[in-house]
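The values are calculated or read from the model by the stated rules, or taken from the named source; none is laboratory data. Computed from a prediction, not measured in an experiment: that's the story for all the values here. Cβ atoms come from the backbone with ideal geometry, glycine included; neighbour counts cover every protein chain shown.
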Amino acid sequence: MAKVEIENVHKNYGAKEDAVKGATFTCEDGELVVLLGPSGCGKTTTLRMITGLETITSGTIKVGGKIVNDLTPQQRNVAMAFETYALYPPLTVYDNIAFPLHVMNLTKEDVDKRVRKVAESLSITDILNNYPDSLAGGQKQRVSLARALVREPTVFLMDEPLSHVDADVRYRARAEIKHMQATSNATVIYVTHDQVEAVALADRVIVMDLGVIQQIGTPADLYNRPANLFVAGFIGEPPMNLIPCKIEISENQLTLAIKSDEQIKLRYTDKDLSPSVLEVLQKYSGKEIVLGIRPQKLNIAQASKEQKNGTLPAKLIVHEFLGKSGIAQVEVDHTMLECVTPPVIPYKEGDTVCLTAHFEDLIIFDPATTQRITY
Ligand SMILES: Nc1ncnc2c1ncn2[C@@H]1O[C@H](COP(=O)(O)OP(=O)(O)OP(=O)(O)O)[C@@H](O)[C@H]1O
Ligand SMILES: [Mg+2]
């Protein structure tokens, strides 16, 4: 069992900018941490530095409390499954998966049990006698994942292991990774650019962008309390609505004027607001902010003549039926917003509607620093 600690780690490949800029995080013993971020943000580099396949420019990496900066990958005792994993062409799928077990002094029966169990969970039992060259990309990826899982390692690093796996099998493969982790109590650091996968798997998620860690938190933390505009836009499906507004606070009223047309205003009175939030926002009065509202928290209602508190006039542009729910594109002045709706709504495209949002569901960001300023 091992805890992985990364302290102020930098990686420079010779370019002006570091590929990883001062990463600091801990993956606790038995924890599943997901490194999430867009392409090129430094996820693979971070993982390769932990395995020892890449040198670090500065900083410290500890595995199980021991500094491993100068150890070889073999000495670090961490297992890695890559996005593309070279299988041994002369060996069958079965022998490829069994291969890492040979050094473990298991009985033939135990090897067989382990291989079949992992093969079954990844739906590759029917190809155990095939050779790698005859497999499709997604099958190869599942075989390489099986080969890594079969070792039941204590620290496990995975770089997009399911990126080529079909959606229907991906769900099961994901469940298998989570199950393996929970039962073996392995420490897992898992890399993906897919926020749905990250949120589904992780105990905690580390969000990276441009080589910098943006936020570390549970999936619920990231969803409910995104630290900045990047995290707000990256986590959640559909993405959070982000609307530039001007904020005005008078004695008992807070007004958010949509920037593209300041005549359109979202108002709240002091009974909607908590004094502590008002105090935080007071210093932004008269300034620009970015208003964030999750599509799940923005509701469509019938248009009314008089504009009530917590409402905005809007036009319904498109509504899609999605089975259990629906999704609407609505326009407020020239700003397009998304709302999650019931599957069927009593409005048609082109109708004037009213959007409603509770004040406690608004998240307000400072555009200058991009940081969240409320809650
Ligand atoms: N061996 C290398 N030599 C030089 N630059 C590199 C090397 N490997 C990565 N980089 C650069 O470092 C940055 C981070 O790359 P990295 O592969 O870690 O990103 P990533 O988050 O894994 O992206 P992806 O989602 O596309 O896999 C990129 O700008 C990349 O071009
Ligand atoms: Mg990568």
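For residue 88, the criteria (1) closer than 18 Å to residue 145 by Cβ; (2) within 15 Å of ligand 1 (Cβ to nearest atom) hold in every case but one, which is (2). For region 9-24, filtering for residues that are hydroxyl-bearing (Ser, Thr, Tyr) and part of a loop (DSSP other than H, G, I, E, B) leaves 1.
Against the condition of a type in the set (Val, Ile, Thr) and within 16 Å of ligand 2 (Cβ to nearest atom), how does residue 189 come out, does it pass? The answer is yes for residue 189. Within region 82-100, being at pLDDT below 90 and among the hydrophobic types (A, V, I, L, M, F, W, C) holds for 82, 86, 87.
Taking residues in region 257-275 that are in the same structural domain as residue 245 (by TED's automatic domain parsing), and partners anywhere that are among the charged types (D, E, K, R) and in a strand (DSSP E or B), the pairs with Cβ atoms closer than 8 Å and at least 6 places apart or on different chains are 257/246; 257/248; 257/265; 258/265; 259/246; 259/288; 262/246. For residue 254, the stated conditions do not hold, so it cannot be described as touching a Gly at 6+ places or on another chain (Cβ under 7 Å) and assigned to a strand (DSSP E or B). Among the residues of region 1-56, the ones that are away from ligand 1 (no atom under 13 Å from the Cβ) and of a type in the set (Phe, Trp, Tyr) come to 1 in all. Is it the case that residue 64 is assigned by TED's automatic domain parsing to the domain that holds residue 146 and within 16 Å of ligand 1 (Cβ to nearest atom)? No.
Between residues in region 343-363 that are within 18 Å of residue 317 (Cβ to Cβ) and residues that are charged (D, E, K, R), which pairs lie under 6 Å by C-beta distance while being six or more apart or on different chains? Qualifying pairs under 6 Å: 352/315. Among the residues of region 192-215, count how many are in contact with a helix residue (DSSP H, G or I) (Cβ under 7 Å, 6 or more places away or on another chain), more than 16 Å from ligand 2 (Cβ to nearest atom) and not in a strand (DSSP E or B). Count: 4.
Which residue out of 319, 358, 334 is buried (at least 17 other Cβ atoms within 10 Å of the Cβ), assigned by TED's automatic domain parsing to the domain that holds residue 280 and not acidic (Asp, Glu)? Spell out the reasoning first.
Working: 358 fails: buried (at least 17 other Cβ atoms within 10 Å of the Cβ); 334 fails: buried (at least 17 other Cβ atoms within 10 Å of the Cβ).
One residue alone meets the criteria, 319.
Exactly one residue out of 283, 271, 287 is loosely packed, with under 15 Cβ neighbours inside 10 Å and within 30 Å of residue 342 (Cβ to Cβ), and it is 271.
A single member of 330, 344 is of a type in the set (A, V, I, L, M, F, W, C), modelled with pLDDT of 95 or more and outside any strand (DSSP E or B), and it is 344. Among the residues of this structure, residue 69 counts as one that is more than 16 Å from ligand 1 (Cβ to nearest atom), polar (S, T, N, Q), in contact with a Gly (Cβ under 9 Å, 6 or more places away or on another chain) and not in a strand (DSSP E or B). Please indicate, with yes or no, whether at least one residue in region 297-318 is touching a residue at least 40 places away in the same chain (Cβ under 8 Å), in a helix (DSSP H, G or I) and at negative phi. Yes, that holds for at least one residue. Selection over region 278-296 of residues that are over 23 Å from residue 348 (Cα atoms), touching a strand residue (DSSP E or B) at 6+ places or on another chain (Cβ under 9 Å) and part of a helix (DSSP H, G or I) gives a count of 4. In region 170-212, which residues are closer than 18 Å to residue 225 by Cα, surrounded by 18 or more Cβ atoms within 10 Å (Cβ to Cβ) and either away from ligand 1 (no atom under 16 Å from the Cβ) or not assigned by TED's automatic domain parsing to the domain that holds residue 21 (or both)? Result: 199, 202, 204. Restricting attention to region 32-64, the residues that are away from ligand 2 (no atom under 16 Å from the Cβ), assigned to a loop (DSSP other than H, G, I, E, B) and under 16 Å from the mean Cα position of the chain (by Cα) total 0. In the set 210, 145, 157, which member is in contact (Cβ under 8 Å) with a residue 40 or more places away in the chain, among the aliphatic types (A, V, I, L, M) and at positive phi? Result of the check over 210, 145, 157: 210.
A quick yes/no check of all residues on (1) basic (Lys, Arg); (2) under 16 Å from residue 67 (Cα atoms):
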| site | (1), (2) |
| --- | --- |
| 2 | no, yes |
| 7 | no, yes |
| 13 | no, no |
| 16 | yes, no |
| 21 | yes, no |
| 32 | no, no |
| 37 | no, no |
| 40 | no, no |
| 44 | no, no |
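Six or more apart or on different chains, Cβ under 9 Å: which pairs go from a residue in region 87-109 that's under 14 Å from residue 142 (Cα atoms) to one that's of a type in the set (Gly, Ala, Ser) and buried (at least 16 other Cβ atoms within 10 Å of the Cβ)? Could you list them? Matching pairs, first to second residue: 87/144; 93/119; 93/146; 94/119; 96/144; 96/146; 97/119; 97/146.
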